[in-house]
Amino acid sequence: MAMVGSVPNQSKPLWLLAELTYRCPLQCPYCSNPLDIAKYKEELDTEGWLRVLREARKMGAAQLGFSGGEPLVRQDLEILIAEGRKLGYYTNLITSGVGMDEARIAAFKEAGLDHIQISFQASNEELNNYLGGSDSFQHKYDMARLVKKYEYPMVLNIVIHRQNIDQIEDIIKMTIDLQADYVELASTQYYGWSKLNEAQLLPTREQLARAERIAHEYQERMKGRMRILYVVPDYYETRPKACMNGWGSIFLTISPDGSALPCHAARQLPGMTFPNVRTHSVDWIWNQSPTFNFYRGDNWMQEPCRSCPEKTKDFGGCRCQAYMLTGDATNADPVCDKSAYHAELVAQVDAMTMKPLSSRDTKPLVFRNMRNSKELASA
């Protein structure tokens with residue numbers, strides 16, 4: 001693969017996301033993990049992760065996120081947290097809360113964990129448990145209370161989609177009851193399992209307008225007491241987001257098998273070989289590997305991005321989204337209304353969402369689990 005990027009790399013991997021495992025007790029149909037999770041059985045061991053943490057910190061990484069799958073299934077999590085604290089990272093555990101108890105929260109505190117983010121699927125027990133494929137709602141509630149008890153910042157994440165968007169006010173009220181400090185109402189981004197279930201998850205424009213209005217009302221009402229972030233789904237925008245702040249700019253993801261990715265969804269891009277920390281140093285991966293240099297700079301850009309004055313702000317949008325929606329990752333993200341594919345995207349979204357949910361697709365939701373992953377691989 002030829003290197004397309006043309007400028008010397010001046011960036012540093014400031015944000016390290018350690019995807020410790022793809023194993024997870026939940027089966028969320030909007031998960032952004034890859035569809036072929038079943039094949040990633042050989043996870044990086046403790047020593048491998050410790051080396052990654054040290055090498056990335058030496059390069060300037062300051063934020064460290066532990067995610068998955070569900071990172072709680074790793075029995076060495078406390079060891080990795082302690083090493084992160086020793087190295088000087090700000091550490092963040094991104095979890096469903098399933099598999100956590102008070103003893104483990106206390107152990108995380110002892111190890112030096114800075115931050116715990118707990119996810120909910122909905123504001124009521126029935127829908128939460130249906131979407132997660134597990135009777136987890138009450139346990140999540142209990143864990144959120146304990147996180148507050150141990151004086152962590154109370155950070156809650158709820159992925160918003162067609163199945164739960166009409167509950168958004170109840171969801172916000174739930175976060176207030178839990179005394180959250182920071183709430184992320186994260187509209188589904190369509191990668192991995194969520195892309196597979198797009199027809200069942202994409203909300204209508206009317207639903208989005210109502211949800212955004214309610215979110216803004218509570219942002220004002222809770223100002224100074226709770227920070228509420230509401231993220232509009234890309235498909236309804238006219239300008240692309242600065243995905244990962246630019247390819248290979250500040251974000252480095254290490255997946256469970258040790259593959260290094262500029263973003264967690266990048267595996268789907270064709271023609272790319274992603275370097276692995278088992279065989280390369282983080283320094284070489286970040287600075288020298290063809291993959292991390294491929295979309296740096298702007299020589300790879302086609303029009304309208306190449307001559308667009310906003311290219312230094314949005315970097316042409318998301319490479320994965322450009323590939324999924326146009327078949328060419330070097331195209332402008334079709335979310336942008338300057339893209340030749342934007343009108344086609346708008347038409348596809350409108351055609352899909354104007355149908356009642358019950359008639360959008362004859363297929364039921366495909367839940368994220370190892371069995372479905374194997375079936376999709378063999379189909």
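The values are calculated or read from the model by the stated rules, or taken from the named source; none is laboratory data. Owing to the predicted nature of the structure, the values given are computational and were not obtained by experimental measurement. A quick note on method: Cβ atoms are made from the backbone with ideal geometry, for glycine too, and the neighbour counts reach across all protein chains shown.
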When you scan segment 304-379 for helices (runs of 4 or more DSSP H) that lie fully inside it, which ones turn up with 1 or more residues that are at pLDDT below 95 and farther than 27 Å from Met244 by Cβ?
342-353, 357-360, 370-378
Check off (1) assigned to a strand (DSSP E or B); (2) within 18 Å of Gly68 (Cα to Cα); (3) of a type in the set (A, V, I, L, M, F, W, C) for Leu131 and give me the number that stays unchecked.
(1)
Please return the ranges of helices (runs of 4 or more DSSP H) entirely within segment 175-235 where 2 or more residues are under 20 Å from the mean Cα position of the chain (by Cα) and either surrounded by 15 or more Cβ atoms within 10 Å (Cβ to Cβ) or modelled with pLDDT of 95 or more (or both).
192-196, 198-201
Residues (over 16 Å from Leu196 (Cβ atoms) and touching a Gly at 6+ places or on another chain (Cβ under 8 Å)) located in segment 27-46
Leu44
Quick check on this structure: which one of Leu26, Leu17, Leu50 is at negative phi and touching an Asp or Glu at 6+ places or on another chain (Cβ under 6 Å)?
Leu50
Could you tell me how many of the residues in segment 287-298 are touching a Gly at 6+ places or on another chain (Cβ under 7 Å) and within 14 Å of Lys12 (Cβ to Cβ)?
2
Segment 75-121, residues that are assigned to a loop (DSSP other than H, G, I, E, B), buried (at least 22 other Cβ atoms within 10 Å of the Cβ) and of a type outside the set (A, V, I, L, M):
Ser96, Gly97, Gln121
Taking the criterion of being surrounded by fewer than 22 Cβ atoms within 10 Å (Cβ to Cβ) and among the β-branched types (Val, Ile, Thr), would at least one residue in segment 311-318 satisfy it?
yes
Residue by residue through segment 256-304, note down the ones that are among the small types (Gly, Ala, Ser), in contact with a helix residue (DSSP H, G or I) (Cβ under 9 Å, 6 or more places away or on another chain) and in contact (Cβ under 8 Å) with a residue 24 or more places away in the chain.
Gly258, Ala260, Ala265, Ala266, Ser281
